[in-house]
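Let me begin by presenting the structure, written as structure tokens, before commenting on it.
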Amino acid sequence: MSESAPLTTPDPSAGQYGQPADVEVLTRDIADVPAVEVITTLSVHLMSAAAVKLGLAEDGEQHKDLDEARKLITALAGLVTAAAPEVGSYHAGPLRDGLKTLQLAFREASTFPDTAGKGPGEKLTGPVYG
């Protein structure tokens, strides 16, 4: 019987591929990023993911998943609604426009569209009309 290596707990400070991560550098880097940038970047990621799940990306039909799109759009609606007063209209306007576009695309992609006010995120944004 061969002796196996002892089980170890992963090192939380280890970076990708086992390379040590410099936690101090990562913390300092994120500390230098304004909140509005973090919020808008996260919003863009949610928008992109929702668009893919709506089948709007290249080869879209193979990635289409309306249940997943609904979750992403609702999360985006929560973020945009909560953050809008904090980030100001300059940043909130385009985020709201992108959200509305996704909400309308969801309705269009649905075989049985939700009634106005019942679509993804509309509990937070109010009814969306084309």
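Miscellaneous remarks
- Which numbered condition Gly130 fails, given (1) free of Cβ contacts under 8 Å to residues at least 40 places away in the same chain; (2) over 16 Å from His45 (Cα atoms); (3) surrounded by 11 or more Cβ atoms within 10 Å (Cβ to Cβ): (3)
- Criterion (assigned to a loop (DSSP other than H, G, I, E, B) and within 15 Å of the chain's Cα centre (by Cα)) met by exactly one of Pro127, Pro120, Pro113: Pro120
- Leading residue by the ranking (modelled with the lowest pLDDT) among those in segment 28-42 that are more than 18 Å from Glu86 (Cβ to Cβ) and surrounded by 10 or more Cβ atoms within 10 Å (Cβ to Cβ): Arg28
- For segment 65-83, the candidate set comprises residues that are touching a Lys or Arg at 6+ places or on another chain (Cβ under 7 Å) and either among the small types (Gly, Ala, Ser) or not in a helix (DSSP H, G or I) (or both); within that set, the residue that is surrounded by the fewest Cβ atoms within 10 Å (Cβ to Cβ) is Asp65.
- Some residue of segment 27-47 being closer than 18 Å to Gly117 by Cα, in contact with a Leu (Cβ under 6 Å, 6 or more places away or on another chain) and not hydroxyl-bearing (Ser, Thr, Tyr): no
- Residue match in segment 93-103 (condition: among the charged types (D, E, K, R), surrounded by fewer than 14 Cβ atoms within 10 Å (Cβ to Cβ) and at pLDDT below 95): no
The values are calculated or read from the model by the stated rules, or taken from the named source; none is laboratory data. Everything quoted here is computed from the prediction, not taken from an experiment. Virtual Cβ from ideal backbone geometry, glycine too; neighbours counted across all protein chains shown.
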